[in-house]
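S.K.: Below is the structure I would like to discuss, written out as structure tokens.
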Amino acid sequence: MEAFVNVLSFMIIIPLIAALMDSGTNWKVARWLNVITCSYLLVVSFILWGYLPLATGLSGEGIFSLDEFSYFALLFANILGLAFSIYLLKSEKLKFHVYFIMTMAFVNGALMTQNAVAFLVFWGLAGLMLYLFAISSKLASGVAKKTLIISGISDSLLIFAFFLLGYSNEALIGFSGGSPNAWEITALSFIVLASFAKAGAFPLHTWIPEYCEKAPIESAFILPASLDKILGIYLLARLFLEYGIIPQWLRVIVAGIGAFTIIIAVMMALIQHNARKLLGYHAVSQVGYMVLGIATGNPVGIIGGLLHTVNNSIYKSGLFMAAGNVESSAGTVELAELGGLARRTPLTFSGMLVCSLSISGMPLTNGFVSKWLIYQGVLIAMAQSLYGYKILYMFFLIMALFGSALTLASFMKLNFSIFLGKATEKTKDAREASLPKLIALLINASLCLFIGIGWKFFPLPLIENSLGKNLENSVGFLSTIQLLGVVTLSLVFGALIYLMFRKVRVDDAFVGGQKDTVKFRISGTGFFNDIRNMKPLKVIYNGAEKGCFDIYTHLKTGLKAMVTPLKLLHTGELSFYSVWVMLGFIVLLSIFLRGG
């Protein structure tokens with residue numbers, strides 16, 4: 001047993017040693033060293049399942065510990081870590097390999113500690129990795145600064161929260177015996193906002209779409225699409241599960257923010273013409289589902305929110321991997337310049353299609369399972385609430401359902417623009433990405449189907465064990481066999497109709513009697529332009545694109561307004577500074593004389 005206790009420390013030490021070794025070698029050696037390290041982390045994660053709970057110490061003080069709940073997050077973080085290390089096998093940038101394995105160490109550290117100070121350290125270091133990844137791109141210097149500041153805000157909020165709660169070396173989230181007082185409510189609000197900043201929920205979400213568009217694609221699927229989500233939602237779930245009595249009005253506010261996050265992000269995703277930025281907005285919208293599920297406060301909703309966190313990390317990182325494959329094949333992710341890639345990159349197309357169906361919540365995919373549980377959790381919360389709250393929960397459910405429909409519409413646009421239609425100048429000679437990138441993508445796509453079909457066998461028992469709750473007979477749910485039967489019959493029926501009544505003649509497209517050219521090619525970028533130009537929405541869209549609703553923009557403007565007058569006091573002239581020194585001396589002297 002003692003050996004397994006020490007392994008917790010090795011889950012952090014080994015990847016840090018690997019990072020040190022990576023920095024002293026070249027990328028060809030570093031890539032395989034990282035694959036070996038991530039394989040070790042995953043194997044150990046599986047072995048630890050039978051030895052929970054575990055705890056270890058540092059100088060006699062308990063620092064690292066692992067219970068069923070933190071183990072759930074740790075296991076999936078390391079499953080994704082191995083997939084990421086495989087994808088990075090063809091990356092020739094040594095710094096990416098170093099930053100990646102350091103990120104794994106810090107994420108493992110945050111998930112394996114119940115100590116408030118240690119959690120703050122690992123939480124902050126994981127956020128620092130976002131900045132280091134971003135500054136490695138010439139296009140992302142501004143994004144790197146924005147990311148660092150918002151990450152710093154989340155760190156500061158956590159520090160203030162732990163200070164107000166009186167934590168030092170105590171448990172990460174201590175139990176409150178009764179209803180929280182005003183100071184505790186303030187602290188709880190700070191923790192919620194810190195988790196929002198890390199995971200990317202409104203109003204601290206605006207760094208994610210910009211980061212996903214401009215930062216290296218490798219960092220997009222490693223952090224904002226997956227590992228940051230796991231950390232942020234892990235903290236939020238810990239709060240709602242372990243703090244004690246959280247007032248219903250606070251839970252309703254958090255649930256409302258989750259529902260609002262779904263709608264605003266997916267509406268912005270609809271009008272994007274850059275694949276990476278579109279995926280960035282969907283990375284935000286999916287956080288809304290997680291927050292909504294956990295904020296219901298009932299076991300079904302919380303299980304749905306946690307499962308959706310894992311599912312999102314799988315299909316979202318898969319979508320970014322597919323976008324990275326497209327970028328390496330065609331040299332761009334601008335939708336207007338893409339098309340016809342399905343025949344040229346069939347494996348990338350298949351992987352993106354499965355992940356797109358998953359994020360849209362289609363049956364037999366993992367996204368369907370977790371979204372269904374979240375909907376059921378909202379219905380249970382509605383049934384258990386007072387009349388006024390019932391109406392609010394009903395609106396939250398409608399917003400979540402509407403968000404799923406818009407998500408499907410958005411990914412119809414994305415897949416059509418990239419893979420269907422005629423090839424463009426940039427895609428006519430495109431080929432599949434390298435084998436490691438395809439393997440990593442197909443691993444994620446396979447997990448989407450595996451969890452979607454066999455979710456009752458894995459990971460549901462793991463989640464139930466971590467929460468001490470049983471989902472059996474708690475919700476209405478079609479069995480996998482029934483779902484498979486319904487989907488199969490629908491596909492067969494549709495195919496029969498197509499074969500019986502098809503009278504389609506395939507020919508070239510003509511414009512004014514001439515064969516269609518690239519200039520007149522029908523692309524997916526025109527999808528939903530009518531929504532963009534609707535009078536009520538046009539003003540909102542214009543304001544959003546100008547940053548009117550970006551809290552970071554307003555903070556920056558406010559700080560600039562405060563600092564600008566102070567510039568008048570700094571002229572750079574020694575005589576001017578001497579006058580200020582003399583005035584200060586006179587003021588101090590008068591105070592001392594009056595005191596005497």
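S.K.: Which whole-percent values make up P(r) of segment 247-472 when all C-alpha to C-alpha distances are grouped in 10 Å steps starting at zero?
M.R.: Using 10 Å bins, I get a P(r) of 9, 33, 31, 18, 8, 2, 0 for segment 247-472.
S.K.: Among Leu462, Leu386, Gly543, whose Cα sits farthest toward the positive end of the charge dipole of the chain (+1 at Cβ of Lys/Arg, -1 at Cβ of Asp/Glu, about the Cα centre)?
M.R.: Of Leu462, Leu386, Gly543, it is Gly543.
S.K.: May I ask you to derive the relative contact order of the chain, considering only C-alpha pairs under 8 Å and at least 6 residues apart, and to give it as an integer percent?
M.R.: Values: 927 pairs, mean separation 76.9, N = 596.
The value is 13 percent.
S.K.: Stretch Val587-Val563 to full length: gain in nm at 0.36 nm per residue minus the Cα-Cα span?
M.R.: Details: separation 24, 0.36 × 24 = 8.64 nm, distance 2.42 nm.
Roughly 6.2 nm would be gained on extension.
S.K.: Quick one: in segment 353-436, what % of C-alpha pairs are over 14 Å apart?
M.R.: 72 percent
S.K.: Note down the relative contact order for segment 266-389 as a percent, whole number, built from C-alpha pairs under 8 angstrom at least six residues apart. Write out the running numbers ahead of the final one.
M.R.: Values: 146 pairs, mean separation 38.9, N = 124.
It rounds to 31 percent for segment 266-389.
S.K.: Taking the 0 to 90 degree range and rounding to the nearest ten, how far is the long axis of helix 116-135 tilted relative to the main principal axis of the chain, both from C-alpha atoms?
M.R.: 60 degrees
S.K.: Of the options Thr427, Phe395, Phe46, report the single residue whose Cα projects farthest towards the positive end of the charge dipole of the chain (beta-carbon charges: Lys, Arg +1; Asp, Glu -1).
M.R.: Thr427
S.K.: Quick one: Karplus J couplings for segment 83-100, per residue in order, coefficients 6.51, -1.76, 1.60, θ = phi - 60°, nearest Hz, x for Gly and Pro?
M.R.: The phi angles translate into 4, 5, 5, 5, 4, 7, 4, 9, 7, 8, 8, 4, 4, 5, 5, 5, 4, 5 Hz.
S.K.: Sticking with this structure for a sec: Between Leu386 and Arg532, with labels modelled 7 Å along Cα→Cβ, what's the label distance in nm to one decimal, could you check?
M.R.: 4.5 nm
S.K.: I need the semi-axes of the equivalent ellipsoid of segment 291-387: take the C-alpha gyration tensor, multiply each eigenvalue by 5, square-root it, list largest first in whole angstrom. Mind showing how you got there, number by number?
M.R.: Values: eigenvalues 255, 26, 22 Å².
Whole-Å semi-axes of the equivalent ellipsoid: 36, 11, 11.
S.K.: What do you get when you divide the Cα radius of gyration of segment 114-162 by 2.2 N^0.38 Å, with N the number of residues? The partial results should precede the final answer.
M.R.: Details: Rg = 12.1 Å, N = 49, 2.2 N^0.38 = 9.7 Å.
Cα-based Rg divided by the globular estimate yields 1.25.
S.K.: Report the chymotrypsin sites (Phe, Trp or Tyr not before Pro) located in segment 349-451 that are in a DSSP loop and have at most 12 other Cβ atoms inside 10 Å of their Cβ, or state none.
M.R.: Numbers: sites: Phe349, Phe368, Trp372, Tyr375, Tyr387, Tyr389, Tyr393, Phe395, Phe396, Phe402, Phe411, Phe416, Phe419, Phe450; in loops: none.
Sparse-neighbourhood loop chymotrypsin sites (Phe, Trp or Tyr not before Pro): none present.
S.K.: Quick check: convex hull over the Cα atoms of segment 1-222, volume per residue in Å³, rounded to an integer?
M.R.: Numbers: hull volume 27.9 nm³, N = 222.
Each residue corresponds to 126 Å³ of Cα convex hull volume.
S.K.: Also: If each residue of separation counts as 0.36 nm, what is the full-extension length gain between Trp32 and Trp580 once their alpha-carbon separation is subtracted? Walk me through the numbers on the way to the answer.
M.R.: Working: separation 548, 0.36 × 548 = 197.28 nm, distance 6.11 nm.
Here the segment from Trp32 to Trp580 would lengthen by 191.2 nm.
S.K.: Using Cα atoms only, what is the angle between the long axis of helix 27-48 and the major principal axis of the chain, expressed in degrees (0 to 90) to the nearest 10?
M.R.: It is inclined by approximately 80 degrees.
S.K.: Arranged from highest to lowest average of other beta-carbon atoms within 10 Å per residue, in what order do the peptides 111-124, 546-559, 312-325, 229-242 appear?
M.R.: On the way: 111-124: 21.2, 546-559: 13.4, 312-325: 28.2, 229-242: 23.2.
Highest-to-lowest ranking by the protection proxy: 312-325, 229-242, 111-124, 546-559.
S.K.: If you wrap a convex hull around the C-alpha atoms of the chain and split its volume per residue, what is the figure in Å³? Please report the intermediate quantities before stating the final value.
M.R.: On the way: hull volume 136.3 nm³, N = 596.
About 229 Å³ per residue, rounded to a whole number.
S.K.: Also, I was wondering about something else. Of Ser446, Ile294, Gly324, which is farthest towards the positive pole of the chain's charge dipole, taken about the Cα centre with +1 and -1 on the beta-carbons of Lys, Arg and Asp, Glu respectively?
M.R.: Looking along the dipole axis, the top candidate is Gly324.
S.K.: Continuing with the same structure: What's the angle, to the nearest 10 degrees (0 to 90), between helix 387-419's Cα axis and the longest principal axis of the chain?
M.R.: Helix 387-419 sits at roughly 60 degrees to that axis.
S.K.: Something else: For the chain, give the magnitude of the charge dipole about the Cα centre (Cβ charges: +1 Lys/Arg, -1 Asp/Glu; no others), in debye to the nearest 20. Walk me through the intermediate numbers first.
M.R.: On the way: 42 positive and 29 negative charges, 376 e Å.
Charge dipole of the chain: 1800 debye, to the nearest 20.
S.K.: Can you work out ³J(HN,Hα) from phi for every residue in segment 441-452, in order, using Karplus 6.51 cos²θ - 1.76 cosθ + 1.60 and θ = phi - 60°, giving whole Hz and x for Gly and Pro?
M.R.: Going residue by residue, I get 4, 5, 4, 5, 5, 5, 5, 4, 6, 4, 5, x Hz, with x marking Gly and Pro.
Any read-out appearing in this document is the output of simple, stated calculations on the displayed coordinates, not a laboratory observation. Please read all numbers here as calculations on a predicted model, not as lab measurements. Ideal geometry is used to build each Cβ from the backbone, glycine not excepted, and the neighbour counts take in all protein chains shown.
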